[in-house]
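Okay, so here's the structure we're looking at.
What follows draws every value from the coordinates through simple rules; no lab data is involved. Fair warning: this is a prediction, and the values are worked out from it, not measured in the lab. Positions of Cβ are generated from backbone atoms using ideal geometry, with glycine treated the same way; all protein chains shown enter the neighbour counts.
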Amino acid sequence: MNYIPNILFAIALIVGIGYFAKNVKKLIRNIKLGHDVDVSDNTSQRWKNMAMIALGQSKMVKRPIAGFLHIIVYVGFIIINIEVLEIIIDGLAGTHRIFSGIGPLYGVLIGAFEVLALLVFVSVIIFWLRRNAIKIKRFWSKEMTAWPKNDANYILYIEMALMLLFLVMNATDLKFQAMNNGNVISQFIAPLFSGLSEGTIHIIERSAWWMHILGILGFLNYLYFSKHLHILLAFPNTYYGKVKPKGELDNLASVTAEVKLMMDPNVDPFAAQPESTEAPAKFGASDVQDLNWVQLLNAYTCTECGRCTSECPANQTGKKLSPRKIMMDTRDRLEEVGKNIDANGGTFKEDGKQLLDDYITREELWACTTCNACTEACPVSIDPLSIIMDMRRYLVMEQSAAPMELNNMMTNVENNGAPWPYNQMDRLNWKNE
Amino acid sequence: MSNTLKVPTMAEYMAEGKQPEVLFWVGCMGSFDDRAKKVTKAFVRLLNRANVDFAVLGTEESCTGDPAKRAGNEFLFQMQAVTNIEVLNAYEIKKIVTACPHCFNTIKNEYPGLGGNYQVMHHTQFLKSLLDEGRLTIEGGQFKGKRITFHDPCYLGRANNVYEAPRDLIRKLDAELVEMKSCKSRGLCCGAGGAQMFKEAEPGNKEVNVARTEQAVDVKPEIIAAGCPFCNTMMTDGVKAKDKESEIAVMDIAELIANAQDL
Ligand code: SF4
Ligand code: SF4
């Protein structure tokens, strides 16, 4: 017996999964660059969110056409991957269609896979047309050029190829066709090869089989570099997503401590401050390390679908702000920081860059109305608003760099208890007017 | 129109050793903005009509800190919040109603973490409860059969999932409630939130309030109903920008109900 194919297969499997595992480790390391945040509350609601939003795709169907097609591709992909199990066993053990021994049920399974493969193939073509022929607006924004645009299309091409290879593999499997059990789609492809010799058909079958499994391993490794990472991260991300009312912004604990101190009449303002070795907390965020790890997980999860941006009032009225770009910038900067750490033996070396200004401009940040349309629209519970808010906090509390009109407003609140220069003593005048 | 408004303050209640049923948090817009003051008074007329035992803080009320927080000034926000919470807790306030969704959101969601725990209601929710308890009746009056569209305030709708109370009230007026293209959880912002009210917009090709008003104009309403003083201003300006002042009125739900009964 010739063991070379088995050995080659094992090597491909080990290399494919090993490289992926290495990148997953990097991914986790990068996400952990964010500071900690308490996510231990509301576990039952969190599980429910994950079940409904990630598993159940509840947000996707808010846009029925895209939602329906997406469910086909999603369900199709998960189910067809059961077939991968058989391929792996066959590849390692040198068997052929090891599960075919289970009898008629095998035909039912493979038949279902074939139907799904066809549906996925058709859906992916429609996706491609929506992007490239119909040119739906949210796929053609400023941030969707170069890599992001190509990435989206590459994913579609890979999916088309994988589905096609699966069907061709079945169509050219003469034994499988002879069984005539489960070849619901591939029987119509088989005649295309009927003129060829049995040997050639066998070579085609083997090639399709190998390309299919190598393609899947390749695709697995492509995820880390792509928005397609969402197929994995959507699950943790919907779990860790916001469970409080959308309108609730967190109260900064570091500020609370200082405010309590300032308001406490028992504190002697002239007393010497206790020596502290800790660096004073930085308020808000100017770079990715100032964000929390859920926000960084959000960035890696973003599918770049642009639903957020298409609902954003600022973006709809021509402002530079795009919540999708906020997420893409955060991921790009985080990747840059991660590479920097890799190149410098595990520690970050100052590179003179940051998320603020080098990626996200102030003009974008100040255009947000905090309306939560983006967080409502996101199919995977991403919160671009929280990043915008943390960066505003940095601008105002660390740099005093609010727009002049906002500074006036804040001075008024501070002095008169209202955003305008009215006297607090006049607050009840309306009663007698 | 009755012009004797009964507006007792908490200090007055305290002096009598009594506790009101609910505190009416008026808010900065409701206290100082000429348009919003009319809404404040309409709401008070309804409270008086329903014999609700309420009080205001009057000169002891101060900005909730919402615009400061959303502008990024967490310090100023928390200073405001802690000061207000001290006043509210000193009066042992349990229940608060407000006609401003921003105050509503801030007090309801962001004050508890700083020591302020109250039951907070938006005025549309409160009016709905008065109606359900039979303390207030609503007649269609002049609004019977009128085409009314409701603009969801972001801080009431998406932020806190209140979509039905204002709509229930409009339906009670026997009016024809029509929905805009973007409504409820997908409602389009008026453009005022996040402290935008206080600054010029960033460069773009349109003002947000004009975009929203266009959606409203599309459904040909006679009235755009608002539930937020900021939205009210933005939509009123939008209607002006579209030259529709003679055809479309922008009114708060409290005004609709009060006017329907000639209060
Ligand atoms: S919260 Fe800000 S970024 Fe999100 S949709 Fe509203 S305006 Fe756009
Ligand atoms: S943040 Fe959410 S809605 Fe926006 S592009 Fe990413 S996945 Fe889509």
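Principal semi-axes of the equivalent ellipsoid, √(5λ) from the alpha carbon gyration tensor of region B:2-130, are 23, 17, 13 Å from largest down.
For the residue pairs A:K32/B:K94; B:K18/B:K199; B:K37/B:K144; A:K48/A:K282; A:K25/A:K59, the alpha carbons lie more than 31 Å apart in A:K32/B:K94; B:K18/B:K199; A:K48/A:K282.
When the Cα positions of A:L13, A:N372, A:T172 are compared along the charge dipole of chain A, A:T172 comes out farthest toward the positive end, with charges on each C-beta of Lys, Arg, Asp and Glu.
Set the bar at 20 Å for Cα to Cα. Now go through A:K325/B:K69; A:K320/B:K184; B:K206/B:K242; B:K181/B:K206; A:K319/A:K339; B:K146/B:K206 and name every pair that lies beyond it. The answer is A:K325/B:K69; A:K320/B:K184; A:K319/A:K339; B:K146/B:K206. Checking every one of the GluC sites (Glu not before Pro) in region A:295-357 against DSSP loop status and a limit of 13 other Cβ atoms within 10 Å picks out A:E350. Based on DSSP H segments of at least four residues, each scored -39500 (n - 2.57), chain B has a per-residue ellipticity at 222 nm of -12000 deg cm²/dmol. For region A:347-382, trypsin sites (Lys or Arg not before Pro) are listed when DSSP marks them as loop and at most 12 other Cβ atoms sit within 10 Å of their Cβ; the list is A:K349. Here B:R70, A:R324, A:R206 are placed in order of increasing Cβ neighbour count within 10 Å, fewest first, which gives A:R206, B:R70, A:R324. Note on chain A: GNM, Cα springs under 10 Å; of A:I155, A:I53, A:I102, the largest mean-square fluctuation is that of A:I102.
Placing +1 on the Cβ of every Lys and Arg and -1 on the Cβ of every Asp and Glu, with no other charges, gives region A:64-221 a dipole of roughly 780 debye about its Cα centre. Distance from the Cα centroid of region A:224-270 to that of region B:55-123 is 20 Å (rounded to whole angstrom). Put in order of Cβ neighbour count within 10 Å, fewest first, the listed residues A:T301, A:T43, A:T361 become A:T43, A:T361, A:T301. As a proxy for reagent exposure, A:H202, B:H151, A:H212 were ordered by neighbouring Cβ count within 10 angstrom, fewest first; the result is A:H202, A:H212, B:H151. Give me the distance between the Cα centres of region A:136-206 and region B:186-254, rounded to whole Å. Region A:136-206 and region B:186-254 have Cα centres spaced 52 Å from each other. Considering only A:I98, A:L321, A:H202, the residue lying farthest towards the positive end of the dipole of the protein assembly as shown is A:H202, judged by Cα position with unit charges set on Cβ.
Within chain A, the cysteines lacking any other cysteine Cβ closer than 4.7 Å to their own Cβ are A:C302, A:C305, A:C312, A:C368, A:C378.
Here the sum of -39500 (n - 2.57) over DSSP H runs of 4 or more residues, divided by the residues of chain A, equals -18500 deg cm²/dmol at 222 nm, to the nearest 500. Under DSSP H, which helices of chain A have Cα atoms covering 27 Å or more of the helix axis and a Kyte-Doolittle average no less than 1.6? Passing helices, by number: A:64-93, A:104-132.
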